[in-house]
Amino acid sequence: MSTTPGVPLSTGRDTDSFEARTYAKVTWHILPLLFLCYVASYLDRVNVGFAKLQMATDLHLSDTVFGLGAGIFFIGYFIFEVPSNVILHRVGARIWIARIMVTWGIVSGAMVFVNGPIMFYVMRFLLGVAEAGFFPGVVLYLTYWYPANRRGKITALFMTAIALSGVIGGPLSGWVMQSMPGVYGLAGWQWMFIIEAIPSLVLGLATIAYLQDRVHDAKWLTDDEKKLIATQIGAEDKEKGEGSLSQTFANPRVWLCALIYFSFVMGLYGVGFWLPTIIKATGVKSPLDIGMLTAVPYAVAAVAMVLIGRSADRLRERRWHVAIPGVVGAVGLLLSTLFGDNTWLSMSALTLATVGILTTLPLFWSLPTAFLGGTAAAAGIALINSVGNLAGFVSPFMVGWLKDLTHSTNSGMYMLTASLVLGALLTLTMPARLVNK
């Protein structure tokens, strides 16, 4: 007879059914809000890629200046990431995530006041400071509610928000920039920043009212449901390394994970910031048409992320589910350089690249969360994410610098291809016994 301690069930089938219903209830309660928050987060982070279509001309920004400004976001993000996640672990996700969202919404809307390179750099840096801790905070928060064998699918569902932000944000940004120039004396790119900051402010307030910090705070769960989750999470936490902050920073596996994540994020932001520019270079001129086309790769990626996340959980296999999509992303980027003068072939290659790159990201997080727990998880996840997201600084800057140098985005795509292959190879060096849970 299979039973879960504290849960009054009599058969293994009943236990499985109760467990499935319990986690389905958790998912429906917490994931939709977190998902929408991440859509707003990613939209506010990368809409500068659309703004470039008009902003660079209006403010006389070179590709190098734009790439530096787009990437400097991640310097502020890097500096404040670990402190932010440690604070979240201590004060609770509800208040801290709300604080993050409201402040980044304010700063994102204030991008309307950018009038030159220096102001561009300052506002992008402040946006990184404001948003620091959101994503690793959510990854940490999910470890409070789901055991490892369920987190692959859940993290993939959460991170399809990146894809949805592309599906929604591309057409929205293109429409705003094409339809609203001159309204109340503002440029189209200024209206885009104002309009796309509003969801972050609204969702920040919703977070305070709706989220609970821990399982025992959830009034919408029964006592038996709380016991089930607490028992499974507690048993898993005993096998993880709690550790101090200094031990976490000295852990070579944490730094290996940071390097792997850096390699994949290079591809993510190379595509995220430069996709509109790449599409424009194929001959598409209308901001609305560019926006509609950018939605296609993200829509396909959303489906792939969920399907491959389910496969990883079902097979209890993590490394190859990360490495293979990384190689697929690299192949897509490489092919995109061969079809730069053909919009539809280039879009097909960029779709393949986006699918591969976006699929690596949620499945990557099954690696560090398999061996980190408690304060070590809070600090380790934040450290990995902050170091990895430095690629968000390096990638757009290097692509912009190489584009100015060679007058083509191809050299930048070659660099990103190599980075994705490196990430895939490094993933396979992680011990299978440690991460395949």
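The values are calculated or read from the model by the stated rules, or taken from the named source; none is laboratory data. Computed from a prediction, not measured in an experiment: that's the story for all the values here. We place every Cβ from the backbone using ideal geometry, glycine too, and count neighbours over all the protein chains shown.
The table for this structure:
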quantity	calculated
Hits in segment 30-77 (condition: of a type in the set (Lys, Arg) and under 15 Å from residue 104 (Cβ atoms))	45
Tally, over segment 284-299, of residues that are in contact (Cβ under 8 Å) with a residue 60 or more places away in the chain and within 19 Å of the chain's Cα centre (by Cα)	5
In segment 96-124, the residues that are of a type in the set (Gly, Ala, Ser) and in a loop (DSSP other than H, G, I, E, B)	116
Odd one out for residue 171 among (1) crowded, with 24+ Cβ neighbours inside 10 Å; (2) at pLDDT below 85	(1)
Single residue of segment 74-114 satisfying the filter (small (Gly, Ala, Ser) and under 18 Å from the mean Cα position of the chain (by Cα)) that is surrounded by the most Cβ atoms within 10 Å (Cβ to Cβ)	108
Unmet criterion (only one of (1) at pLDDT 85 or above; (2) over 30 Å from residue 56 (Cα atoms); (3) surrounded by 19 or more Cβ atoms within 10 Å (Cβ to Cβ)) for residue 188	(2)
Cβ-Cβ under 7 Å pairs, at least 6 apart or on other chains, segment 123-149 side aliphatic (A, V, I, L, M) and surrounded by fewer than 21 Cβ atoms within 10 Å (Cβ to Cβ), far side modelled with pLDDT of 90 or more and part of a helix (DSSP H, G or I)	126/107
Every residue from segment 43-64 that is without any contact (Cβ under 8 Å) to a residue 60 or more places away in the chain and not small (Gly, Ala, Ser)	57, 60, 61
Residue 183 in contact with a Lys or Arg (Cβ under 6 Å, 6 or more places away or on another chain) and of a type in the set (A, V, I, L, M)	no
Residue that is modelled with the lowest pLDDT, among those in segment 373-413 that are among the hydroxyl-bearing types (Ser, Thr, Tyr) and out of contact with any Lys or Arg (no Cβ under 8 Å at 6 or more places or on another chain)	375
Counted residues, segment 325-351 - those being over 18 Å from the mean Cα position of the chain (by Cα) and more than 14 Å from residue 419 (Cα to Cα)	16
All positions within segment 414-436 that are modelled with pLDDT under 80 and either buried (at least 18 other Cβ atoms within 10 Å of the Cβ) or β-branched (Val, Ile, Thr) (or both)	435, 436
Residues that are within 9 Å of residue 359 (Cα to Cα) and either in contact with a Gly (Cβ under 8 Å, 6 or more places away or on another chain) or at pLDDT below 85 (or both), drawn from segment 307-320	309
Residue 64 surrounded by fewer than 24 Cβ atoms within 10 Å (Cβ to Cβ), under 20 Å from residue 269 (Cβ atoms) and modelled with pLDDT under 85	yes
Filtered residue count, segment 174-185, keeping only those that are at positive phi and either at pLDDT below 85 or in a helix (DSSP H, G or I) (or both)	2
Residue check for residue 148: closer than 24 Å to residue 249 by Cα, touching a Lys or Arg at 6+ places or on another chain (Cβ under 7 Å) and of a type in the set (Gly, Ala, Ser)	yes
Count of segment 210-224 residues which are closer than 24 Å to residue 37 by Cβ and touching a residue at least 24 places away in the same chain (Cβ under 8 Å)	9
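To keep it simple, each residue is scored yes or no on (1) crowded, with 24+ Cβ neighbours inside 10 Å; (2) within 20 Å of residue 137 (Cβ to Cβ).
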| residue | (1), (2) |
| --- | --- |
| 333 | yes, no |
| 336 | yes, no |
| 356 | yes, no |
| 376 | no, yes |
| 398 | no, no |
| 412 | yes, no |
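Listed here are the residues, each with its yes/no results for (1) touching a Phe, Trp or Tyr at 6+ places or on another chain (Cβ under 8 Å); (2) of a type in the set (Asp, Glu); (3) modelled with pLDDT of 85 or more.
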{"residue": "16", "(1), (2), (3)": "no, yes, no"}
{"residue": "21", "(1), (2), (3)": "no, no, yes"}
{"residue": "24", "(1), (2), (3)": "no, no, yes"}
{"residue": "33", "(1), (2), (3)": "yes, no, yes"}
{"residue": "40", "(1), (2), (3)": "no, no, yes"}
{"residue": "45", "(1), (2), (3)": "yes, no, no"}
{"residue": "70", "(1), (2), (3)": "yes, no, no"}
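Residues are listed down the side, and each one gets a yes or a no for (1) over 30 Å from residue 20 (Cβ atoms); (2) at pLDDT below 90; (3) part of a helix (DSSP H, G or I):
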position: 151; (1), (2), (3): no, yes, yes
position: 158; (1), (2), (3): no, yes, yes
position: 201; (1), (2), (3): yes, no, yes
position: 213; (1), (2), (3): no, yes, no
